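Student: Supplied in structure tokens, the structure appears directly below.
The values are calculated or read from the model by the stated rules, or taken from the named source; none is laboratory data. Treat the numbers as computed from the prediction; the structure is a model and nothing was measured. With ideal geometry, Cβ positions are generated from the backbone for all residues, glycine too; neighbour counts draw on all protein chains shown. Side chains included, ligands, DNA and RNA excluded: accessible areas come from the protein's heavy atoms. Shrake-Rupley method; radii C 1.70, N 1.55, O 1.52, S 1.80 Å.
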Amino acid sequence: MTDQAYNFAYLDEATKRMIRRAILKGLAVPGYQVPFASREMPMPYGWGTGGVQVTAACLAPEDILKVIDQGADDTTNAVSIRKFFERTGGVETTEHTAEATLIQTRHRIPEHPLTEDQILVYQVPIPEPLRFLEPRESETRKMHALQEYGLMHVKLYEDIARHGAIATSYAYPVKVEGRYVMDPSPIPKFDNPKLSGSPAIQLFGAGREQRIYALPPYTEVVSLDFEDHPFEPSKADHACDLCGAAETYLDEVITDDRGGRMFVCSDTDYCTGRQAAGHRGRLSPEDAA
Amino acid sequence: MTLFDRTLSQDAETPLLEVDGLTKRYGARIGCADISFDLWPGEVLGIVGESGSGKSTLLSCLAGHLEPGEGRVLYRGRDTVAMPEPARRLLSRTEWAFVHQNPRDGLRMGVSAGGNVGERLMAVGARNYGTIRAAATDWLGRVEIAAERIDDKPRQFSGGMQQRLQIARNLVTGPRLIFMDEPTGGLDVSVQARLLDLLRGLVREMGLSAIIVTHDLAVVRLLADRLMVMKSGHVVESGLTDQVLDDPQHAYTQLLVSSVLQV
């Protein structure tokens, strides 16, 4: 049921046009942070106001929307954003990656491979990868313009000096098409390889920081590293306890106060799909099917 | 004569830095006015004068931190005022070095000593952790900081150590020209003496040219080959250091030299 008091997908058409312009510029200059006039959204900053605006600008009535929160379809953030667009846009929603045409995600890339017919929208808290080392915006812009990215390696150097290995495990900095260094939003570094050469369009929206950036399909994205400390996507060294998948990103769940724990796929849709197909893990209920 | 010999001899025949009629105004006030001098490879130039005499303004203009109003600055024949910013920034992290009076301005306080030294290497493309680490260890040793302090943050260091760390961080890429703004300011005298000793050794050993701004005549006496005395934005006297200090001609220089306390 569309709420008639609002324009389709909440934002007015002039705002959507402004955001689409920023998106097009972002696609034309992959990895470059395009400033845009972020609007107040009916949700707090940090809940995905940037992603929601990008989604609203891209959404068409025939789209099928999926919303992911840390891999899950059924947590607060995912449920409320999905409801928001059901109510203001009347669009169809789904939990299945393969069925969706537009996917808004908070900090995960779905395990199911994406296609050319899909758009993936990321929610970004802090778009500037250099921010924690260089607080001045004027200086970081200059560093991007002049490709002075030595500082990014200083961060990785500090990691190795302190922990013996690159300990950055999420929001791992990448270089796009050999030009811009980009923060891929706080996705686990396990997902970094999926950024590169993806057939889907990838859009990044940061509402509070008022920045949009983008990766067109089949863009080369390289995770930064040292020659003698190469980049390694990492995950918990287990298989999923519900579906038995060995190659997915896992969440660790504490099950009691006596050290009991289980590892489950963070991508709930992928996990449910595998269980439905008959795959079983260590803690699957006996003959659940 | 091979090409290599010719560049070498050209290097020795042309000044490293040629400054011609450099003027910087802050509105109606004068920062520094009509400064001209040549700096030769391997030479150390001292600039002395009281607070507000335009020493630091001059240094900032030379190092490209401030844009001079008039005049030319040629570095190895290239105009650094007119050159595009990327080229100037490249110079300032490869062939130039800048040592600030306050090490907090020149160091990244949240980054370990090793990271501070390695930053310039990584900025010019070093991507091998082992090599960067080895260079950082080597340089910490050369500025007399114990190798086991390599992973400590600069804020855990004493003032003198911070200043030595700043010097190591600047010299690691083997610059040709080093700008120093009161390098010994705020340090007690025994620490000053050791720092000066270290600087003198490094400058001689690496064949560096240096421009040192200070109000401390003892510093220039020890380090500088030539001296410029500034007052109210103008150079009032210049010449060989010993000559200027032992036989000052200008009234202000005489005042400056006679103001030094004799112990």
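Student: Rounded to the nearest 10 Å², what accessible area does A:Thr75 show when all protein chains are kept and the probe is 1.4 Å?
Tutor: 50 Å²
Student: Please figure out what share of the DSSP beta bridges in the protein assembly as shown is antiparallel and state it in percent, rounded to the nearest 5.
Tutor: Looking only at bridges with both residues in the protein assembly as shown, the antiparallel portion is about 55 percent.
Student: If I take every Cα pair under 8 Å that is 6 or more residues apart in the stretch A:50-193, average their sequence separation and divide by the length, what percent do I get for the relative contact order?
Tutor: 20 percent
Student: OK, next. With a cut-off of 8 Å between alpha carbons and a minimum separation of six or more residues, what is the relative contact order of the stretch A:1-70 in percent?
Tutor: 36 percent
Student: How large is ³J(HN,Hα), in whole Hz, for each residue of the stretch A:92-101 in order, when computed from phi with the Karplus curve 6.51 cos²θ - 1.76 cosθ + 1.60 and θ = phi - 60°, using x for Gly and Pro?
Tutor: Once rounded to whole Hz, the list reads 6, 10, 8, 10, 9, 4, 5, 7, 6, 9.
Student: Using only the alpha carbons of the protein assembly as shown, what is the convex hull's orientation-averaged projected area in square nanometres?
Tutor: Its Cα hull, projected and averaged over all orientations, spans 34.6 nm².
Student: How large is ³J(HN,Hα) for each residue in the stretch A:202-209, as worked out from phi by the Karplus curve 6.51 cos²θ - 1.76 cosθ + 1.60 (θ = phi - 60°), to whole Hz, x for Gly and Pro?
Tutor: Residue by residue, the stretch A:202-209 yields 10, 10, 10, x, 10, x, 5, 7 Hz.
Student: Could you state the per residue volume, in Å³, of the convex hull enclosing the Cα atoms of chain A?
Tutor: 153 Å³
Student: Using amide H atoms built in the peptide plane, which far-off residues or other-chain residues are under 5 Å from B:Lys231 H to H?
Tutor: Sorted by chain and number, the residues that satisfy this are B:Val236.
Student: Per-residue ellipticity at 222 nm for chain A, helices alone: DSSP H runs ≥ 4 residues times -39500 (n - 2.57), over residue total, nearest 500 deg cm²/dmol?
Tutor: Using -39500 (n - 2.57) per qualifying helix, the result is -8000 deg cm²/dmol.
Student: With everything on Cα atoms, drop me the angle between helix B:3-13 and the longest principal axis of chain B, reported from 0 to 90° to the nearest 10.
Tutor: In chain B, helix B:3-13 runs at an angle near 40 degrees to the longest axis.
Student: Name the residue farthest towards the positive end of the dipole of the protein assembly as shown from the options B:Gln163, B:His234, B:Gly141, assuming +1 on Cβ of Lys and Arg, -1 on Cβ of Asp and Glu, about the Cα centre.
Tutor: B:His234
Student: Let me ask something else about it. For a quick check of understanding: with a 1.4 angstrom probe and all protein chains in place, what accessible area in square angstrom does B:Asp34 have, to the nearest ten?
Tutor: Rounded to the nearest 10, that gives 110 Å².
Student: With a 1.4 Å probe and all protein chains kept in place, how much accessible area does B:Arg88 have, in Å² rounded to the nearest 10?
Tutor: Number for this one is 50 Å².
Student: Which whole-number percent gives the relative contact order of chain B, counting Cα pairs below 8 Å spaced six or more residues apart?
Tutor: Working: 464 pairs, mean separation 65.9, N = 263.
Result for chain B is 25 percent.
Student: Please list, or write none, the lysines whose alpha carbon is within less than 16 Å of the alpha carbon of B:Lys55, excluding same-chain residues fewer than 8 places away.
Tutor: Hits, sequence-local ones excluded: B:Lys24, B:Lys231.
Student: To the nearest 20 Debye, how big is the dipole of the protein assembly as shown about its Cα centre, given +1 on the beta carbon of each Lys and Arg and -1 on that of each Asp and Glu? Can you show the working numbers first?
Tutor: Values: 59 positive and 75 negative charges, 195 e Å.
Computed about the Cα centre, the dipole is about 940 debye.
Student: Further question on the same structure: Using the alpha-carbon centroid of each, what span in Å lies between the stretch B:15-29 and the stretch B:103-177?
Tutor: Rounded to whole Å, the Cα centres lie 32 Å apart.
Student: In addition: What's the center-to-center distance, using Cα atoms, between the stretch A:1-75 and the stretch A:127-200 in Å?
Tutor: 24 Å
Student: Using each residue's phi in the stretch A:229-241, evaluate 6.51 cos²θ - 1.76 cosθ + 1.60 at θ = phi - 60° and report the 3J(HN,Hα) Karplus result to the nearest Hz, with x for Gly and Pro.
Tutor: 9, x, 5, 9, x, 10, 8, 4, 7, 8, 10, 4, 7
Student: Give me the summed buried accessible area for the A-B pair, 1.4 Å probe, to the nearest 100 Å².
Tutor: Values: alone 14080 and 12820 Å², together 25080 Å².
Approximately 1800 Å² gets buried when A meets B.
Student: Another question, then. Which residue fluctuates most in the GNM of chain A (Cα springs below 10 Å): A:Thr248, A:Thr93, A:Thr76?
Tutor: Its mean-square fluctuation being the largest, the pick is A:Thr76.
Student: Taking each residue in B:126-137, count the Cβ atoms of any other chain within 10 Å of its Cβ, then average. What number comes out?
Tutor: Counting Cβ atoms of other protein chains within 10 Å of each residue's Cβ and averaging gives 4.
Student: Across chain A, how many lysine pairs separated by 8 or more positions, or lying on different chains, have Cα atoms within less than 24 Å?
Tutor: 20
Student: Let me ask another. Starting from the amide H of A:Cys243, placed 1.01 Å from N in the peptide plane, find each other amide H under 5 Å away whose residue is 5 or more places distant or on another chain.
Tutor: Here A:Cys265, A:Gly281 satisfy the definition.
Student: Let me ask something else about it. Can you give me the % of accessible surface on chain A that is carbon or sulfur? Probe 1.4 Å, all protein chains present, nothing else counted.
Tutor: Details: 6800 of 13160 Å².
Using a 1.4 Å probe with all protein chains present, chain A comes out at 52 percent carbon and sulfur.
Student: Right, here's the next one. Counting helices only, and only those DSSP H runs with n ≥ 4, report the 222 nm mean residue ellipticity of chain B as the sum of -39,500 (n - 2.57) divided by its residues, in deg cm²/dmol to the nearest 500.
Tutor: On the way: 11 runs with 110 residues, N = 263.
One gets -12500 deg cm²/dmol as the mean residue ellipticity at 222 nm.
Student: For the stretch A:190-289, give the magnitude of the charge dipole about the Cα centre (Cβ charges: +1 Lys/Arg, -1 Asp/Glu; no others), in debye to the nearest 20.
Tutor: Computed about the Cα centre, the dipole is about 340 debye.
Student: Protein chains only, probe 1.4 Å: how do A:Lys66, B:Lys153 rank by accessible area, largest first?
Tutor: B:Lys153, A:Lys66
Student: Restricting the count to DSSP beta bridges whose residues both fall in chain A, what percent are antiparallel, rounded to a multiple of 5? Present the calculation step by step, with values, prior to reporting the outcome.
Tutor: Working: 22 of 38 bridges.
Around 60 percent of the beta bridges assigned by DSSP in chain A are antiparallel ones.
Student: Mind checking the dipole of chain B: about its Cα centre, +1 per Lys or Arg Cβ, -1 per Asp or Glu Cβ, Debye to the nearest 20?
Tutor: Dipole magnitude for chain B comes out near 960 debye.
Student: Continuing with the same structure: Rolling a 1.4 Å sphere over the protein heavy atoms, what is the accessible area per residue of chain A, to the nearest Å²?
Tutor: Ligands and nucleic acids excluded, the result is 46 Å² per residue.
Student: Using modelled backbone amide H atoms (1.01 Å from N, in-plane), which distant-in-sequence or interchain residues come within less than 5 Å of A:Tyr170's amide H?
Tutor: A:Lys189
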